[in-house]
Amino acid sequence: MKKNKIALLLIGTMTASMLFAGCGKKKDDKSTEATPPSVSIDQVATMSDAGDIPLAYKEGYVISELTGEWIDESLENQRPICMMINNIIDAMPQSGISKADLTFEILVEGGVTRYLCVFKDYASLEKVGPVRSARHYYVRMNDFIDGIYAHYGWSDYARQLIEQEGTNNINGLYDDKAYYRDNSRYAPHNVYTDGARLKDAVERNGYRTTYKDGLGHMFEFNLEDTPLANNQTANKIMTAYNGSPSRWFEYNEEDQRYYRFQYNEKQMDVETQEQLSYKNVIVMFANYEPIDGYLLHLDWYSGGTGYYFTDGEYKEIKWENVNEEQVRFFDQDGKLLKMNPGNTFITVFEADKPQNITIE
């Protein structure tokens, strides 16, 4: 592909996995922001050397495998940080998590949830947390993504899995440079970090900074926002873990985003003073089971059903673990799910309680 052209594919359903091969390698305007200006559609997409497939291309930018959005080309193959974030009421409001490209909400013991927040451009983070301890099924999802796992402490199962798999991890119990405590809050809800500390920890540990060869990506994206147009409306999504109606999403038609509510109020990012919002929401039903009478285990391998929400609509989906290496999402007809570009929130919900998901 010629590097001196800027081309935009006019077919809005081109997937992100097809886009990576033809992304630009040179930036002329050093002052360009991370979100580039729109590109003239009069320019024609060049063709790839393999199969003559038309590709979207903006000089100096690539399509993110996590969001389907344009990001700086320097981040093209960079592994993300996957961070354990506290999500109980004592940890509210959290810091920096609105910057996550991808957020998983997953149950832990005691009926509460924690987040696994995935940050592609982690070096730009100013303050993020509170950070909490590892659980083994979060570690497994990190490994599916090929991320670098950030946490403060761990369960015995998580420690065993990290050591067994050789998971690149940044553990605050052993790395006092990677995290700090904010004395305006009380422990254990006061552990934070930032981009400089994370970048330093990755370098000090000599961790691989780029994806391993042959890694597929979890998501497929439309090039442009594409309505589902199936007449299944979703203006409110209630995710009642343990039957408690204290967390939900509300759709805002003006900006076509889902806004997050938790503990019966807006869930805020204290650093931006903005409510958390997401372009895409996924509910995936999975099997949890207790182990040792206290901790939980999550089955990432058996697959299941779920819902995909975007632009005030939804549809039923399926998920599978492909080759026991990565979770992927599919339409009901078995085709890979194509999502709209933007950040995504994934609720990993109890498979035996589908009645606790309410869609209005």
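The values are calculated or read from the model by the stated rules, or taken from the named source; none is laboratory data. The structure presented is a predicted model; accordingly, all values stated were derived computationally and were not measured. Note that we place each Cβ from the backbone using ideal geometry, even for glycine, and neighbour counts take in every protein chain shown. Only protein heavy atoms, including side chains, enter the accessible area calculation; ligands, DNA and RNA are left aside. Shrake-Rupley method; radii C 1.70, N 1.55, O 1.52, S 1.80 Å.
Within segment 333-356, residues that are under 30 Å from S244 (Cα atoms) reach partners that are among the small types (G, A, S) and assigned to a loop (DSSP other than H, G, I, E, B) with beta carbons closer than 6 Å, at six or more positions or on different chains, in the pairs N356/A240. Hey, any hits in segment 162-179 for a residue that's in a strand (DSSP E or B) and within 19 Å of W300 (Cα to Cα)? Scanning segment 162-179, I find no residue that is in a strand (DSSP E or B) and within 19 Å of W300 (Cα to Cα), so the answer is no. Condition test on A229, is it more than 26 Å from R79 (Cβ to Cβ), of a type in the set (A, V, I, L, M, F, W, C), in a loop (DSSP other than H, G, I, E, B) and over 19 Å from the mean Cα position of the chain (by Cα)? It is true that A229 is more than 26 Å from R79 (Cβ to Cβ), of a type in the set (A, V, I, L, M, F, W, C), in a loop (DSSP other than H, G, I, E, B) and over 19 Å from the mean Cα position of the chain (by Cα). When segment 90-106 is filtered for residues that are farther than 17 Å from I282 by Cα and open to solvent by less than 30 Å² (accessible area, probe 1.4 Å), the ones remaining, listed by number, are A91, Q94, S95, G96, I97. Within the span defined as segment 201-218, one or more residues are part of a strand (DSSP E or B) and open to solvent by 50 Å² or more (accessible area, probe 1.4 Å).
Just so you know, in segment 106-133 the residues that are touching a helix residue (DSSP H, G or I) at 6+ places or on another chain (Cβ under 6 Å) and outside any loop (DSSP other than H, G, I, E, B) include one that is farthest from E73 (Cα to Cα), and it is G111. The set of residues in segment 107-129 being buried (at least 22 other Cβ atoms within 10 Å of the Cβ) and among the aliphatic types (A, V, I, L, M) consists of L116, V118, L125, V128. Residues that are of a type in the set (S, T, Y) and either closer than 18 Å to C117 by Cα or in contact with a Phe, Trp or Tyr (Cβ under 8 Å, 6 or more places away or on another chain) (or both) within segment 270-299 comprise T272, S277, Y278, listed in sequence order. Only one of the listed residues (N264, N242, N252) is under 24 Å from S155 (Cα atoms) and of a type in the set (S, T, N, Q). That residue is N242.
Of all the numbered requirements in (1) open to solvent by less than 40 Å² (accessible area, probe 1.4 Å); (2) without any contact (Cβ under 8 Å) to a residue 60 or more places away in the chain, E253 misses one, and that requirement is (1). The residue of segment 309-359 that is least open to solvent (accessible area, probe 1.4 Å), among those that are at pLDDT below 95 and of a type in the set (D, E, K, R), is D333.
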